[in-house]
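Colleague: First, the structure itself, so that you have it in front of you.
The values are calculated or read from the model by the stated rules, or taken from the named source; none is laboratory data. None of these values were measured; they are calculated from a predicted model. Note that each Cβ is placed from the backbone with ideal geometry, even for glycine, and that neighbours are counted across all protein chains shown.
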Amino acid sequence: MADEDIRQKNQKAAQRQAETREKERQEKMIEINKQFADLTKRNAEYMIKLNRALNAQGYDPEKKATALNEVYEELKVKQKQGYTAAKLYGPAAKKADDIINGPKRELENKPPKFWESALDNGLLMFVMFCAMYGILGLFSKRQTADAGWLTIVSTSVIAGLGLAGFYKVMNNRKAKHRILRAIGVFLGLLIVWFAAFALIAKIPPQVNPAFTPLADILFALIGFGVRYLLKKKLNIRSF
């Protein structure tokens with residue numbers, strides 16, 4: 001009988017504790033709702049989920065308050081521009097993990113800088129030219145200034161800069177007449193490219209000698225390796 005009384009008392013005590021915790025939770029939720037009153041309903045709900053996710057991971061209360069306030073202040077500005085919290089930060093659980101462990105670098109979604117794009121595309125064209133002239137040279141003994149080192153390097157540089165400009169215009173989705181501007185950049189690239197070919201063709205072969213086919217293929221392989229390493233180091237994404 002005594003054991004039954006003790007069990008009932010323990011159950012009642014546990015129930016009271018559960019009710020107290022639930023009351024405290026609801027009071028905190030009310031306080032959080034008031035705190036995020038300036039946000040849209042969807043963004044306020046996101047903040048509540050973010051708060052829960054941080055609590056679930058036992059994040060320091062003071063740091064949590066600071067982090068939530070930073071997200072809140074940013075959201076107040078961004079939501080006026082049509083953004084939602086989910087669009088800005090991804091799921092609340094992911095944002096909580098970013099707050100605790102630091103944001104993961106997601107540079108695969110970030111467009112490369114102009115010089116990175118120019119370098120990447122320039123190396124790509126260099127590899128293509130060297131491989132093309134090397135393969136053609138294996139089947140033909142005739143070597144022309146078109147395959148000279150000055151031709152390959154200069155046209156690769158021009159192509160790299162031109163394509164970087166083209167992709168920069170294409171990536172700017174907010175720009176007016178984006179497609180027309182991109183076409184203009186591309187046509188300008190072709191004009192400069194052909195003009196460069198025409199001017200370099202006038203340079204004596206002694207100044208612009210052609211490499212042997214095997215040397216061209218070797219340079220193509222070296223260029224490919226350099227480009228591969230740079231893409232990994234700089235996290236340059238392909239288009």
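Colleague: Going by what's in this entry, would GLY184 be described as without any contact (Cβ under 8 Å) to a residue 40 or more places away in the chain and not hydrophobic (A, V, I, L, M, F, W, C)?
Modeller: In short, yes.
Colleague: For the stretch 177-184, check the following and say yes or no: at least one residue is modelled with pLDDT under 80, in a loop (DSSP other than H, G, I, E, B) and within 18 Å of ASN121 (Cα to Cα).
Modeller: There is no residue in the stretch 177-184 that is modelled with pLDDT under 80, in a loop (DSSP other than H, G, I, E, B) and within 18 Å of ASN121 (Cα to Cα).
Colleague: Return the only residue of ALA56, ALA145, ALA67 being surrounded by 14 or more Cβ atoms within 10 Å (Cβ to Cβ), of a type in the set (A, V, I, L, M, F, W, C) and modelled with pLDDT of 85 or more.
Modeller: ALA67
Colleague: Take LYS202 and tell me if it is of a type in the set (D, E, K, R) and in a helix (DSSP H, G or I).
Modeller: So LYS202 fails the test.
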